[in-house]
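Chemist: Pasting a structure below so you can have a look.
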Amino acid sequence: MLKPEAEDGQASLADPQFRADVLAGLERRPRAIPARWFYDRRGSELFEAITDLPEYYPTRTEIAILERICPDLAALTGKGRAVVEFGSGSSTKTPVLLRCIAPAAYVPIDISGEFLRQSSKTLSAAFPELLVLPFEADFMRPLALPRAIADQPKLGFFPGSTIGNMTPLMATDLLRAMRASLGEGAMLLIGMDRIKSPDILLPAYDDAAGVTAAFNLNLLERINRELDGDVPVDRFRHVARWNDDRARIEMHLEAQEDLSFTVAGRPFAIAAGETIHTENSHKYGARDARILLRAGGWTPVAEWTDPDGNFGVYLAEA
Ligand code: AVI
């Protein structure tokens, strides 16, 4: 997801899709910019920092679950599978899975070739025997996977509750696309954050050290850097809300006074208290997760959680 920078450290030319999404998002009501644009170099660093925060339980909870379930997982998935990770596999979760099931091959899929190559290099160094086949593609659509793994049954891996950043409709489409990409006999291992008290959820998205606020506000800084904007970033405030009706955390950027600014030469005005909606993070109870998997064409096989029931890991078959 990382956007590469030019050799001299200057940001490279803005992605035309970023420009289009930001301009359309600022014009629409309610205003909303897709969360995928958080992840420039700075945003990716800030997200890494979020995963270490005491309030942000999902990452360490999911890793602990994966470590604990390794024997069960190895037995349920069997030998000789190729692991296909939807995302670049830069996280600490990938080595946990690779050590556990010792796959025949590993195919990380990511839309950012640069980031993909970097993380594949690191993984190859850690697992010199493993065939690593980085695949640059948009995994939201069905894909023709590398021929080298054509004869091996696949285990799709989609950790981190990244599926929660999609609406249920998009999530269902993605699960169906994954099923089509992975083919007959495939299995899917997926992490989904669970519904829980807002007393735990809200601090996870609005931490005391202000790292999540910086992550959210970096989107405005990125707009200024890459789209020749003059958005007064310090006049916006990070807001995290629990939307109980939709079972999701929402992140917004709220104008603290009436503001005017330009982006890519276009003027915008935003009233005090108005927000730009920047992210949804949907949470799924165990039964919701099973329904979502079935809607996406998968049959749940096994599920695991942590002692507090905060996070769910699900294994499903095609
Ligand atoms: C990447 N994704 C699963 C994170 C989440 O929890 O929804 C992104 C994030 N946003 C704020 N904190 C973390």
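The values are calculated or read from the model by the stated rules, or taken from the named source; none is laboratory data. Owing to the predicted nature of the structure, the values given are computational and were not obtained by experimental measurement. Reconstructed Cβ throughout: ideal geometry from the backbone, glycine too, with neighbour counts over all protein chains shown. Accessible surface is based on the protein model in full, side chains and every heavy atom, while ligands, DNA and RNA are left aside. Shrake-Rupley method; radii C 1.70, N 1.55, O 1.52, S 1.80 Å.
Chemist: Express the carbon and sulfur contribution to the solvent-accessible surface of region 170-211 as a percent, rounded to the nearest whole number, probe 1.4 angstrom.
Modeler: 54 percent
Chemist: Follow-up question, since we're still on this one. Report, ordered by chain and residue number, the lysines lying within cross-link reach of residue 79, taken as a straight Cα distance under 22 Å and ignoring same-chain residues fewer than 8 apart.
Modeler: Correct list for residue 79: 93, 154.
Chemist: So, R0 is 25 Å and r is the distance between the beta-carbons of residue 317 and residue 67; what FRET efficiency does that work out to, to 0.05?
Modeler: It comes out at approximately 0.65.
Chemist: Follow-up. Distance between the C-alpha centers of region 140-208 and region 294-318? Whole Å please.
Modeler: Using only Cα atoms to place each centre, the spacing works out to 11 Å.
Chemist: Which residues' amide hydrogens lie under 5 Å from the amide hydrogen of residue 284, considering only partners 5 or more residues apart or on another chain, with H built in the peptide plane?
Modeler: Here the answer is 193, 194, 195, since their amide H atoms fall under 5 Å of that of residue 284.
Chemist: Counting only heavy atoms of protein chains, what accessible area per residue, in Å², does the chain have with a probe of 1.4 Å?
Modeler: With the other protein chains kept in place, the chain gives 45 Å² per residue.
Chemist: About its Cα centre, what dipole magnitude does the chain give when the only charges are +1 on Lys and Arg Cβ and -1 on Asp and Glu Cβ, stated in debye to the nearest 20?
Modeler: In debye, rounded to 20, the chain gives about 1020.
Chemist: What length, rounded to one decimal in nm, is gained on full extension from residue 21 through to residue 233, with 0.36 nm per residue of separation minus their alpha-carbon distance?
Modeler: Roughly 74.5 nm would be gained on extension.
Chemist: Still on this structure: Relative contact order (percent) for the chain, with alpha-carbon contacts under 8 angstrom and 6 or more residues of separation?
Modeler: Worked out over the chain, it gives 20 percent.
Chemist: Same structure, new question: Over all directions, how big on average is the projection of the convex hull of the alpha-carbon atoms in region 117-267, in square nanometres?
Modeler: If you wrap the Cα atoms of region 117-267 in a convex hull and average its projections, you get 13.2 nm².
Chemist: May I ask you to list the residues of region 90-125 whose amide nitrogen lies under 16 Å from a point 7 Å from Cα along the Cα→beta-carbon direction of residue 131?
Modeler: Taking a point 7 Å out along Cα→Cβ of residue 131, the residues of region 90-125 whose backbone N falls under 16 Å are 102-108, 124.
Chemist: Here's something else I'd like to know. Just for the chain, what percent of DSSP beta bridges are antiparallel, to the closest 5?
Modeler: Around 65 percent antiparallel, to the nearest 5.
Chemist: Let me know the charge dipole size of region 264-318 about its Cα centre in debye, to the nearest 20, where only the beta-carbon of Lys, Arg (+1) and Asp, Glu (-1) is charged.
Modeler: It works out to roughly 240 debye.
Chemist: Taking the Kirkwood radius as the inverse of the mean 1/r across Cα pairs, report the Rg/Rh of region 141-218.
Modeler: Dividing the radius of gyration by the Kirkwood radius yields 1.12.
Chemist: Quick check on region 100-165: take the gyration tensor over C-alpha atoms, sort the square-rooted eigenvalues as a ≥ b ≥ c, and tell me if it's rounded (a/c under 1.5), prolate or oblate. Intermediate results must be reported in sequence, preceding the final value.
Modeler: Numbers: a/c = 1.37, a/b = 1.19, b/c = 1.15.
Rounded.
Chemist: For region 217-259, just the Cα set please: Rg and Dmax, both in angstrom.
Modeler: Looking at region 217-259, its Cα Rg and Dmax stand at 12.7, 37 Å.
Chemist: Continuing with this model, one more query. Where both partners of a DSSP beta bridge lie in region 21-175, what percent of those bridges are antiparallel, to the nearest 5? Before the final figure, lay out the partial values.
Modeler: Working: 1 of 14 bridges.
So the antiparallel bridges amount to about 5 percent of the total.
Chemist: Output wanted: per-residue J couplings in Hz (rounded whole) for region 90-102, from phi through Karplus 6.51 cos²θ - 1.76 cosθ + 1.60, θ = phi - 60°, x for Gly and Pro.
Modeler: Computed from phi, the couplings for region 90-102 are 7, 7, 6, 6, 4, x, 4, 5, 5, 5, 6, 9, 6 Hz.
Chemist: Quote the charge dipole size of region 8-94 about the Cα centre in Debye, to the nearest 20; the model charges only the Cβ of Lys and Arg (+1) and of Asp and Glu (-1).
Modeler: The dipole of region 8-94 has a size of about 300 debye.
Chemist: Heads up, I need the accessible area for residue 70: 1.4 angstrom probe, whole protein in place, Å², nearest 10.
Modeler: 40 Å²
Chemist: Next question. For n ≥ 4 DSSP H runs only, could you compute -39500 (n - 2.57) per run for the chain, divide by its residues and tell me the 222 nm figure to the nearest 500?
Modeler: -11500 deg cm²/dmol
Chemist: Just for region 83-176, what percent of DSSP beta bridges are antiparallel, to the closest 5?
Modeler: Of all bridge pairs located within region 83-176, approximately 10 percent are antiparallel.
Chemist: Using the Cα centre of the chain as origin and beta-carbon charges of +1 (Lys, Arg) and -1 (Asp, Glu), tell me which of 178, 204, 20 is placed farthest towards the positive end of the dipole.
Modeler: About the Cα centre, the residue reaching furthest to the positive side is 178.
Chemist: Using only the alpha-carbon atoms, how far is helix 16-27 inclined from the longest principal axis of the chain? Give it as 0 to 90 degrees, nearest 10.
Modeler: Taking the Cα atoms of the chain, the angle to 16-27 is about 50 degrees.
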